[in-house]
Structure formats: C-alpha cells, structure tokens
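The values are calculated or read from the model by the stated rules, or taken from the named source; none is laboratory data. Keep in mind that this is a model prediction, so the values were computed, not measured. Counting neighbours? That spans all protein chains shown, and the Cβs are built from the backbone with ideal geometry, glycine included.
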Amino acid sequence: MAATPATQPLQVLGIAGSLRRASYNRQLLESARRLAPPALVITPFDIAEVPLYNADHDTDAARPEAVRRLKQAIAASDAVLFAAPEYNHGVPGVLQNAIDWASRPAFASPLAGKPVGMMGASGGISGTMRGQQALKLVLMSTLALMFPHAGIAITLAKDKFDAGGTLAHEPTRELLAVYLADFERWVRRQAALPR
Ligand SMILES: Cc1cc2nc3c(=O)[nH]c(=O)nc-3n(C[C@H](O)[C@H](O)[C@H](O)COP(=O)(O)O)c2cc1C
C-alpha cells in the first residue's frame, strides 16, 4: 500500500451489517459519514444484493455481479468501516456472508492488509460488544488490519437516534467524532508503513 499524503482524502468503504430500512447501524454509518473529518470520505456499500456464498459460483467466470462490486469497492478503498448489530452474540449472517465472499482467495483477498474499524448500535444494554468481538475474530482470519481501539458501542439506541435517523445524543456524537479522527490518523499511519 502506498503512503497516503495527509492532504489526500482517505476513501473509506462503509458496510452496515443490517438490511433493515430503519436500521440503527445504517443510521450510525450515515451519522459517521456526516461527522467524519473532511479528509475521511465514507461511502456506504449496500450488501443487500450479495447472494448466499456458494463456492461453485466463486470463480472468475461465475462470480455474481454484486460480489464483484463488493470486492472491487474494498480493493479501491483505503479502509473499511463496519457498523453492525449483534445477532445471538455473534456476527449477523448477512455480514458474515459478505465477508466470506470478500475473503477469497484466502490471505490474498481485498481484505488482506486492509485497515478496518468497527462500530455497533443495539437496542439493549450490550451495545454489540460481543458481536464486535466475534467480528474481530472473523476479520483477523482474513488478515485485515484491526484498528486498535475500545470501539463505538452504542447502547439503548432508541434513546440516541432521533426520529429522522440522526445520531442526536451529543456525548455519543462527540465520541464518534473523536473515533473517526483517530481512525483517520491510524489509517494514514498504516498506509505509510513499509510492507
Ligand atoms: C436474529 C436476532 C438476534 C439478535 N441477537 C441479539 C443479541 O445477541 N444481542 C443484542 O443485544 N441484541 C440482539 N438482537 C437485537 C438487535 O440488536 C436489534 O434488533 C438491533 O436494533 C438490530 O440492529 P439494526 O437496528 O441495525 O437492524 C437480535 C436481533 C435479531 C433479529
């Protein structure tokens, strides 16, 4: 990965781990997009069209178009930022499935060496921390580079987002803004490291 000059905007692919239209995690990603520093450009990628993984279709000739787009978008980005709920203390199936597609060929996929960050919002009091631990394990297997940070784990989401889907809780907005600024600095450092 070539060094990214501090003046050049970083391109971050945002992936939400929920397909629900009013998803808190989609709202979190959108709020992050708006709160990000000017040189951290977050572009959401919708994984709704990614079909279930089938190794028979994971060939250059047969790979589904949505998977091609996903892998190209990851490859073209400086970093990936996930916003995911916790499902049964783990990674939601739709997100695990998208990562499975993106993770091939093993250790040489677009995720290998890619800086990644993660956030989550849940309606309950766990704030997706168990899901984030599970997501870390999955991403580690792809050789993605994990942003070493305590993370963004939003509890009691209905109290933090307004009716329009904006993260309205001021202390959480401030936390998210700091996280994104730290993420930008860290991604730039990764880009500058010799490989
Ligand atoms: C299949 C399923 C499993 C869930 N498991 C958990 C869980 O383990 N822990 C938790 O805090 N919430 C769990 N929830 C609740 C979700 O965190 C909550 O629905 C959240 O709002 C979903 O994220 P979204 O708003 O981005 O769609 C689960 C929901 C579903 C549908």
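When A157 is evaluated against the numbered criteria (1) closer than 24 Å to H57 by Cβ; (2) touching a residue at least 60 places away in the same chain (Cβ under 8 Å); (3) of a type in the set (A, V, I, L, M, F, W, C); (4) within 16 Å of the ligand (Cβ to nearest atom), which criterion, by number, is the only one it fails?
The failed condition is (1).
Any chance region 41-59 includes a residue that's modelled with pLDDT of 95 or more and at positive phi?
First, pick out the residues of region 41-59 that are modelled with pLDDT of 95 or more: 41-59.
Cutting the leftovers down to at positive phi gives us none.
No: region 41-59 contains no residue that is modelled with pLDDT of 95 or more and at positive phi.
Tell me which residues, restricted to region 106-134, are buried (at least 21 other Cβ atoms within 10 Å of the Cβ), within 10 Å of the ligand (Cβ to nearest atom) and among the aliphatic types (A, V, I, L, M).
Across region 106-134, the qualifying residue is only A121.
Quick one: how many residues across region 12-43 are among the hydrophobic types (A, V, I, L, M, F, W, C) and closer than 20 Å to Q96 by Cα?
Step one: list which residues in region 12-43 are among the hydrophobic types (A, V, I, L, M, F, W, C), which gives 12-13, 15-16, 19, 22, 28-29, 32, 35-36, 39-42.
When the remaining residues are screened for being closer than 20 Å to Q96 by Cα, the result is 12-13, 15-16, 19, 28-29.
So the count comes out to 7.
Take region 15-41 and flag every residue that is in contact with a Lys or Arg (Cβ under 7 Å, 6 or more places away or on another chain) and buried (at least 23 other Cβ atoms within 10 Å of the Cβ). Steps first, answer last, please.
Of the residues in region 15-41, the ones in contact with a Lys or Arg (Cβ under 7 Å, 6 or more places away or on another chain) are 16, 18, 35.
Answer for region 15-41, where residues must be in contact with a Lys or Arg (Cβ under 7 Å, 6 or more places away or on another chain) and buried (at least 23 other Cβ atoms within 10 Å of the Cβ): A16, S18.
Tally the residues that are under 30 Å from R185 (Cβ atoms) and either in a helix (DSSP H, G or I) or within 12 Å of the ligand (Cβ to nearest atom) (or both), restricting the search to region 51-96.
Qualifying residue count for the region: 17.
Suppose we filter T43, T7 for residues that are of a type in the set (S, T, Y), part of a loop (DSSP other than H, G, I, E, B), out of contact with any Phe, Trp or Tyr (no Cβ under 9 Å at 6 or more places or on another chain) and within 28 Å of E174 (Cβ to Cβ); which single one remains? So that I can check it myself, show each step before the final result.
Numbers: T43 fails: part of a loop (DSSP other than H, G, I, E, B).
Exactly one of T43, T7 is of a type in the set (S, T, Y), part of a loop (DSSP other than H, G, I, E, B), out of contact with any Phe, Trp or Tyr (no Cβ under 9 Å at 6 or more places or on another chain) and within 28 Å of E174 (Cβ to Cβ), namely T7.
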